[in-house]
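The values are calculated or read from the model by the stated rules, or taken from the named source; none is laboratory data. This structure is a prediction, so every number in the text was calculated from the model and none was measured. Cβ atoms come from the backbone with ideal geometry, glycine included; neighbour counts cover every protein chain shown. For the accessible areas, the whole protein counts, side chains as well, though only heavy atoms, and no ligand, DNA or RNA atoms are used. Shrake-Rupley method; radii C 1.70, N 1.55, O 1.52, S 1.80 Å.
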Amino acid sequence: MDTPQISVIMPTYNRVSMIEDAIDSVLKQTYHDFEFIIIDDASTDTTKEVIESFEDARIRYIKTTVNHGEYWSTNYAANMANGKYLTWIHSDDRMPTNSLEARYNVLENSPQTDFVHGDIERIDENNKIFERLNAVEWPSNKLLEQYLLLEEEREIKYMIHHLSIMMKWNFFYKAGPFDASLPFAGDIDWLIRAIRCGKSVRIPQVLYYYRTHPGSRRVQDIKDGIDKKTVTQMINRRYTP
């Protein structure tokens, strides 16, 4: 396989009921020059069999023997990525068919841009859209100011949707990898660093479908007693002068 233009990363753990749909949405992209790195984080269900049922040379499947978590798995996959650009998808979500193409074109035609992002739509278990969340086009100083507030204090709860991001491969390391020690909000921690050191462009279209379901990460964190406010305050202290 020749060196791809894009590396798509998918960390997964016991998502056998939804991963087929997620993989299918990536393989049916209108842009085809990508590698698809799937990190199976020690799943105990039949995830492996589902992934191996796709006969597509772009898929690179790696299964770990110990469960490390989403942030570790994403970092691990990024270390082996070969693409010029890097993006990711959760194994219970979907991409619109032109998502990779739209982001690739903007990055190719805007060499000074480090990462692009766009709008997302929330979907249910049956792929029904029930909410659109538009990203913002604010200057970096306002974004940083807002991200250093608690969610309930921000003008808008969701400003940049990290799952809609595509970036230059080396920018991931310029911003720094995900903090795998965080139990939650590692995306916010990473975004703050990315905004501080990079130039971004918003693409005004839906680039990602985010699925809400009883087994989603946020729902599970609440069940496990993880307090998002406490974690967010800890992250904010890292970046507040």
About the Cα centre, charge dipole magnitude for segment 147-186 (Lys/Arg +1, Asp/Glu -1 at Cβ), debye: 300 debye
Using a 1.4 Å probe on heavy atoms of the protein chains only, the accessible area for residue 72 in Å², nearest 10, reads 80 Å²
10 Å Cβ shell holding at most 15 others, DSSP loop, trypsin sites (Lys or Arg not before Pro): longest site-free stretch of the chain: 29-127
In segment 92-209, taking the dipole from +1 charges on Lys and Arg beta carbons and -1 charges on Asp and Glu beta carbons about the Cα centre, the listed residue (192, 105, 164) farthest towards the positive end is 105
With all protein chains in place and a 1.4 Å probe, residue 230 shows an accessible area in Å² (nearest 10) of 80 Å²
Cα-Cα over 30 Å, subset of 84/229; 48/157; 48/128; 48/174: 84/229; 48/157; 48/174
In square angstrom, rounded to the nearest 10, how much accessible surface does residue 150 have for a 1.4 Å probe? 20 Å²
Do me a favour and compute the ellipsoid semi-axes for segment 33-118 from its Cα gyration tensor, root of five times each eigenvalue, largest one first, whole Å. 26, 15, 12
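Using a 1.4 angstrom probe, figure out how much accessible area the chain has per residue, in square angstrom, rounded to the nearest whole. Working shown, then result.
Numbers: 11090 Å² over 241 residues.
Dividing the accessible area of the chain by its residue count gives 46 Å².
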When the Cα atoms of segment 4-55 are enclosed in a convex hull and the volume is divided per residue, what value in Å³ results? 68 Å³
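How large is the Kirkwood hydrodynamic radius of the chain, in angstrom, based on all distinct alpha carbon pairs?
18.2 Å
Only Lys, Arg, Asp and Glu count, each charged at its Cβ (+1, +1, -1, -1), so figure out the dipole size of the chain about its Cα centre, rounded to 20 debye. Provide the component values of the computation, followed by the final result.
Details: 29 positive and 36 negative charges, 165 e Å.
Magnitude of the dipole: close to 800 debye.
Tell me, what % of the accessible area of the chain is carbon and sulfur with a 1.4 angstrom probe? Don't jump to the answer; show the numbers that get you there.
Numbers: 5360 of 11090 Å².
The computed percentage sits at 48.
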Any chance you could check the Cα centroid distance between segment 1-58 and segment 128-165 for me, in angstrom? 28 Å
